[in-house]
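First the structure, in the form of structure tokens, and then the observations on it.
The values are calculated or read from the model by the stated rules, or taken from the named source; none is laboratory data. Source: prediction; values computed, not measured. No Cβ is skipped: glycine too gets one built from the backbone with ideal geometry, and neighbour counts run over all protein chains shown.
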Amino acid sequence: MCLRQRRGWSAKELSRRAGLSPSYVSKLESGECSASVRTFGAIARALGMTPLEVWVLVLSEALSQPLRTMPEDTRNSSEHGDTA
């Protein structure tokens, strides 16, 4: 669950508080784009946190999740008997 959801906010509410468009917040959350340092700071302030506090929470959640494996087609081709 993301930080805004823990506060009971919609993406539209976060975007309003951070001064961002709802479509941009949606793209950030889906991983379609990355936030600049300025945008990250605006989101942290909207959440009532410092950027460092947000990073600590995000990283601690990421580290508590099992590692994902790479899909077969992105692994080294030599594993499949191909020669370069």
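Quick notes on this one:
- Top-ranked residue in the range 28-44 [being surrounded by 15 or more Cβ atoms within 10 Å (Cβ to Cβ) and not hydroxyl-bearing (Ser, Thr, Tyr); ranked as nearest to the chain's Cα centre (by Cα)]: LEU28
- Candidates are the residues of the range 51-76 that are more than 16 Å from the chain's Cα centre (by Cα) and either surrounded by 12 or more Cβ atoms within 10 Å (Cβ to Cβ) or acidic (Asp, Glu) (or both); the one that is modelled with the highest pLDDT is GLU72.
- Filtered residues of the range 1-22 (kept if in a helix (DSSP H, G or I), surrounded by 11 or more Cβ atoms within 10 Å (Cβ to Cβ) and out of contact with any Phe, Trp or Tyr (no Cβ under 8 Å at 6 or more places or on another chain)): LEU3, ARG4, GLN5, ALA11, LYS12, GLU13, LEU14, ARG16, ALA18, PRO22
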